[in-house]
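Notes follow once the structure below has been shown.
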Amino acid sequence: MKERIHELQQLLTRYNYEYHVQDNPSIPDTEYDALLRELVELEAEYPEYKTDTSPTVRVGGEILSGFEKVAHSSPMLSLGNAFNEEDLRAFDQRVRQNAGDVTYMCELKIDGLAVSLTYENGLFTRGATRGDGTVGENITENLRTIHAIPLTIDSDLTFEVRGEAYMPKRSFINLNETRAKEGQQEFQNPRNAAAGSLRQLDPKLAAARNLSVFLYSVTSPEALDTDSQSGALDKLDELGFKTNRERRLMTSIDEVIEYVEYWTTHRSELAYEIDGIVIKVNDLLTQEELGYTVKSPRWAIAYKFPAEEVVT
Ligand SMILES: NC(=O)c1cc2c(N)ncc(C(N)=O)c2s1
């Protein structure tokens, strides 16, 4: 029986990764659901084999009485904003004045909720909201239910990875249809729906919201043995994390502006909402040289899309 339980835990972990991180399932949902049901029943019968890295934790655990506060290892900063081409060129000027020739990493700015995930010896041990940037809330149990967040990684690394939890557009539409039918207040947008879902004290409610995540930075890049943002993202891919594939390396601000213009008109085709583009100096040493202002990095900027005209 123990063998079957371990076999199912391994199988379902792999199937979960294929479906929720690679977006490329190798078995039909019905088979996944049947295997998960078998594992839930076996773990109920043999609770000594149920661990907090078992795929069954995705359904949500006990209801919490509250969220404890957690201090971040380093501040989760906000980004300076750019609203037009002039702002972008001014950013580029400042960077080149201080750092000379640079390569930029451009990434989509996901319209969700910033989260910080801690892995100790390869196990997901803690997840927190950004909070005020210095102190956040411990929402580990809710984050365990996000299938795109690996419960274990195949390395004994200890590090912190940050990203954005979000609700896909399709899930947002379905959720609001259900809430309207049940006479409940609908969510204004996917960001509020994701934030509302992760603020639930009952992880089973969070588990029912079909949230996902894109990870985009690590607090100790040396742990990943990389010297660039692009290298850090590729390493996160190797470790089994979900990153955003639309990222592009650029060698000039003109290319950055083209990329910004492309997504200004094409973002409606994405399965998730974005509210801008994040432009970062790719080389990590150069990032350190450029440093930070009181509240934001000097080596990055967030281009914000103009607010969309609401079609009434
Ligand atoms: N406030 C921040 O530092 C960031 C916020 C976000 C966001 N909402 N989406 C993507 C990224 C990214 N790819 O770097 C960042 S970085």
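If only one of Thr134, Thr178 is among the hydroxyl-bearing types (Ser, Thr, Tyr), more than 17 Å from the chain's Cα centre (by Cα) and within 16 Å of the ligand (Cβ to nearest atom), which one is it? Can you show your working first?
Details: Thr178 fails: within 16 Å of the ligand (Cβ to nearest atom).
Of Thr134, Thr178, the one residue that is among the hydroxyl-bearing types (Ser, Thr, Tyr), more than 17 Å from the chain's Cα centre (by Cα) and within 16 Å of the ligand (Cβ to nearest atom) is Thr134.
Could you say whether any residue in the range 158-170 is within 15 Å of the ligand (Cβ to nearest atom), open to solvent by 40 Å² or more (accessible area, probe 1.4 Å) and in a helix (DSSP H, G or I)?
no
From the set of residues in the range 220-240 that are modelled with pLDDT under 90 and within 16 Å of the ligand (Cβ to nearest atom), which is surrounded by the fewest Cβ atoms within 10 Å (Cβ to Cβ)? Break it down stepwise before answering.
First, pick out the residues of the range 220-240 that are modelled with pLDDT under 90: 220-224.
Now restrict to residues that are within 16 Å of the ligand (Cβ to nearest atom): 221, 224.
Details: Pro221: 18, Leu224: 20.
Filtering first and then ranking leaves Pro221.
What residue, among those in the range 244-278 that are part of a loop (DSSP other than H, G, I, E, B) and within 14 Å of the ligand (Cβ to nearest atom), is most open to solvent (accessible area, probe 1.4 Å)?
Just the residues of the range 244-278 that are part of a loop (DSSP other than H, G, I, E, B), to begin with: 244-247, 251-252, 270-273.
Right, trim to within 14 Å of the ligand (Cβ to nearest atom) and you get 244-247, 270, 272-273.
Working: Asn244: 21, Arg245: 174, Glu246: 41, Arg247: 41, Leu270: 19, Tyr272: 24, Glu273: 66 Å².
Ranking the candidates gives Arg245 first.
What residue, among those in the range 279-298 that are in contact with a Ser or Thr (Cβ under 7 Å, 6 or more places away or on another chain) and part of a loop (DSSP other than H, G, I, E, B), is farthest from Tyr262 (Cα to Cα)? Spell out how you get there, then give the answer.
Filtering the range 279-298 for residues in contact with a Ser or Thr (Cβ under 7 Å, 6 or more places away or on another chain) gives 282-284, 295-296.
Filter once more, keeping what is part of a loop (DSSP other than H, G, I, E, B): 282, 295-296.
Values: Asn282: 21, Lys295: 29, Ser296: 26 Å.
Filtering first and then ranking leaves Lys295.
Tell me which helices (runs of 4 or more DSSP H) are completely within the range 178-243 and hold 3 or more residues being among the charged types (D, E, K, R), or say none if there are none.
It comes to 229-238.
Report, by residue number, each residue of the range 99-129 that is within 30 Å of Glu255 (Cβ to Cβ) and either modelled with pLDDT under 95 or not hydrophobic (A, V, I, L, M, F, W, C) (or both).
Passing the criteria: Gly100, Asp101, Thr103, Tyr104, Glu107, Lys109, Asp111, Gly112.
Filter the range 56-68 down to the residues that are in contact (Cβ under 8 Å) with a residue 60 or more places away in the chain and either of a type outside the set (Lys, Arg) or more than 18 Å from Gln9 (Cβ to Cβ) (or both) and list them by number.
Answer for the range 56-68, where residues must be in contact (Cβ under 8 Å) with a residue 60 or more places away in the chain and either of a type outside the set (Lys, Arg) or more than 18 Å from Gln9 (Cβ to Cβ) (or both): Val57, Val59, Gly60, Gly61, Glu62, Ile63, Leu64, Ser65, Gly66, Phe67, Glu68.
The values are calculated or read from the model by the stated rules, or taken from the named source; none is laboratory data. Predicted model only: the values in this text are computed from it and were never measured. With ideal geometry, Cβ positions are generated from the backbone for all residues, glycine too; neighbour counts draw on all protein chains shown. SASA here: full protein model, heavy atoms, side chains in, ligands and nucleic acids out. Shrake-Rupley method; radii C 1.70, N 1.55, O 1.52, S 1.80 Å.
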